[in-house]
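What follows is calculated from the coordinates using simple rules that are stated; it is not laboratory data. Source: prediction; values computed, not measured. Please note: Cβ atoms are built from the backbone with ideal geometry, for glycine as well, and neighbour counts cover all protein chains shown.
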Amino acid sequence: MTMKISVFGGSTPTPGSPAYQDAYQLGKLLGSAGLSVLTGGYMGTMEAVSRGASEAGGHVIGVTCGEIESWRPAKPNPWVAEAWYRETLRERLDTLVEECDAAIALPGGVGTLMEICLSWSHLAIHALEPKPLILIGTAWQTVMETFFKELGEYIPMENREYLAFAPSPETAFELLSTFLHFT
């Protein structure tokens, strides 16, 4: 069975922007390795990852959501090969977090932060089998280091070890390959 990698990221990057290009490159790396990619299925980095993975021969699963489509009219991006529709945002998040063998977060906003925190919390309480959770970019590392510094007494070292940081999509892919032993 093909490994599934959830990719979290912002919905605002547009084609040609550096964030879109990074997401596209990540998708291309994942697709070239024969991995299935799970994204939120819509625009921005979700579209870019889907496009890169699809163009590289990977399978793309978009986890879409009725609550999001009611709030902001959107349809799955054209590179989604398989759509998994969920009625609520909570069901969508649970699917993205639980149905993957690893998760990677690109830069993003509150939704991306929620996906990271939900994944991390599930790992910390052993609600999920251990799996990689890789955060791309210096911004996530700065956020987490500030969190550890300011609220460190609430975050045991063993919980911090669930997070891995990568400065680029290429480094994230190398870490993923090391963790999952697929290349």
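Phi angles of the range 9-26 translate, via the Karplus equation with coefficients 6.51, -1.76, 1.60 and θ = phi - 60°, into HN-Hα couplings of x, x, 8, 8, x, 10, x, x, 6, x, 5, 5, 5, 4, 5, 4, 4, 4 Hz per residue; Gly and Pro are given as x.
The angle between the Cα long axis of helix 110-124 and the longest principal axis of the Cα atoms of the chain comes to about 60 degrees, rounded to the nearest 10.
Considering the values (i) 16.3, 48; (ii) 15.3, 45; (iii) 20.6, 70, which represents Rg and Dmax of the Cα atoms in Å as calculated for the structure under consideration? The listed entry that was calculated here is (ii).
Scanning residues 5 or more positions from T12 or on other chains, those with amide H under 5 Å from its amide H are T45, with H placed 1.01 Å from N in the peptide plane.
For the peptides 143-156, 48-61, residues were scored by their other Cβ atoms within 10 Å and the scores averaged per peptide; the highest-first order is 48-61, 143-156. Close amide H contacts of V37 (hydrogens built in the peptide plane, cut-off under 5 Å, sequence separation of 5 or more or a different chain): I5, H59, V60, I61. Note that the range 27-34 has calculated 3J(HN,Hα) couplings of x, 4, 4, 5, x, 5, 7, x Hz, one per residue in order, obtained from phi through the Karplus relation 6.51 cos²θ - 1.76 cosθ + 1.60 (θ = phi - 60°); glycine and proline are x.
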